[in-house]
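Down below is the structure, laid out as structure tokens.
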Amino acid sequence: MRLKDLGEFNFIDRINKAVKLSGRVIKGIGDDAAVLRYSKDKYQLLTTDMLVEGKHFYKSDKAELVGKKAMSCNISDIAAMGGVPKFAVISVGLPGSLDLKYAEGLYKGIKKAADMFGVDLVGGDTVGSGKIVINIALTGEVEKKNLTLRSGAKENDAIFITGYIGGSIKLKHLNFTPRLKEARFLVNNFKINSMIDVSDGLLADLGHILKESNKGAIIYENRVPVSKSASNFNSALRDGEDFELVFTLPGPVAGRLKKIWPFKTKISEIGRICSSRKGFFLVRKTGKAEKIKPAGFAHF
Ligand code: ADP
Ligand code: MG
């Protein structure tokens, strides 16, 4: 059997089933970051993301933006857990023929994002490689009461999303701001029941929340904020790398959230969580409800 016959998520499931965890692990594979026992009031978070030339970016892309993206997508995963990013190690695979300016440009971008969000660069590894590869691992911390997992969605939760979705490939995927201050505001002011960042597409990532929480959902086409660069609504639902946050909180407080939301970043209430028996539905502008298969981006 080839990897692409199994699929990315089934492959990860198989790894997950084969690992044995020590008592320090609160949550291993299956969320935006791992959650580890740490101190009386806090958990430590740990996440990693890799960018590969030709897959996530091209050599024609500005090095500084590629570096910024490598750091920002890790920060986005820490934000999605309700936490604060702390320490990063960075491994790069670089062709010996690469212009030094490009290599230094990558680090300029990495440093810019790290400085903006208080991340210390504390190590890494450098190897020769045919293609440019950047892998960053990032730790974070979260107060125990602020931890937001994919698995906590409750029936009658309101479903929210930050920003606009779709068409990220045209530019935003290389130059986005992780929604860290927004996430910290949310967990400090509300009981956020579940949260994820949109890397595989809204349907796929909301689908991860539903699967982990064993819930269903209903979302409304006329409430989903679609980016101007998206080609159409249906593809916007499946486009990856938006790096927006999808989160759920008890329906009755949705109004208060909208009222006190202090940021320029848009938030939209796009639907409700329901029981898993009801399934996952999209209500079209015509009022017709369609059952959703939460497909999105998978690497293979
Ligand atoms: P995200 O998009 O939030 O970075 P992914 O979809 O990449 O999350 O991964 C989902 C989960 O699977 C995460 O918990 C991640 O740590 C885990 N994971 C992904 N690839 C591997 C791997 N090769 N080995 C172990 N765990 C993995
Ligand atoms: Mg994520």
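Name, by its number, the condition in (1) in contact with a strand residue (DSSP E or B) (Cβ under 8 Å, 6 or more places away or on another chain); (2) hydrophobic (A, V, I, L, M, F, W, C); (3) under 24 Å from residue 67 (Cβ atoms) that does not hold for residue 176.
All conditions are met except number (1).
Could you identify the single residue in 156, 193, 146 that is over 27 Å from residue 293 (Cα atoms) and polar (S, T, N, Q)?
Answer to the check: 146.
All but one of (1) open to solvent by 20 Å² or more (accessible area, probe 1.4 Å); (2) within 15 Å of ligand 2 (Cβ to nearest atom) hold for residue 209; which doesn't?
Of the numbered conditions (1) open to solvent by 20 Å² or more (accessible area, probe 1.4 Å); (2) within 15 Å of ligand 2 (Cβ to nearest atom), the odd one out for residue 209 is (1).
Let me confirm something: among 23, 93, which residue is more than 16 Å from ligand 2 (Cβ to nearest atom) and part of a strand (DSSP E or B)?
Result of the check over 23, 93: 93.
If you check 82, 28, which single one turns out to be under 13 Å from the mean Cα position of the chain (by Cα) and either under 30 Å from residue 190 (Cα atoms) or open to solvent by 40 Å² or more (accessible area, probe 1.4 Å) (or both)?
Matching residue, one of 82, 28: 82.
Within the range 115-140, which residues are open to solvent by less than 80 Å² (accessible area, probe 1.4 Å) and β-branched (Val, Ile, Thr)?
119, 127, 132, 133, 134, 136, 139
Hey, among the residues in the range 26-47 that are over 22 Å from residue 211 (Cβ atoms) and assigned to a loop (DSSP other than H, G, I, E, B), which one's farthest from ligand 2 (Cβ to nearest atom)?
For the range 26-47, the residue satisfying everything is 40.
Which one of 216, 255, 207, 251 is free of Cβ contacts under 8 Å to residues at least 24 places away in the same chain, closer than 21 Å to residue 154 by Cα and of a type in the set (Gly, Ala, Ser)?
Matching residue, one of 216, 255, 207, 251: 255.
Tell me, which residue of the range 164-202 that is away from ligand 2 (no atom under 15 Å from the Cβ) and touching a Lys or Arg at 6+ places or on another chain (Cβ under 6 Å) is modelled with the lowest pLDDT?
Top of the filtered list is 174.
The values are calculated or read from the model by the stated rules, or taken from the named source; none is laboratory data. Treat the numbers as computed from the prediction; the structure is a model and nothing was measured. Reconstructed Cβ throughout: ideal geometry from the backbone, glycine too, with neighbour counts over all protein chains shown. Just so you know, the surface numbers come from the protein's heavy atoms only, side chains and all, with ligands and any DNA or RNA stripped out. Shrake-Rupley method; radii C 1.70, N 1.55, O 1.52, S 1.80 Å.
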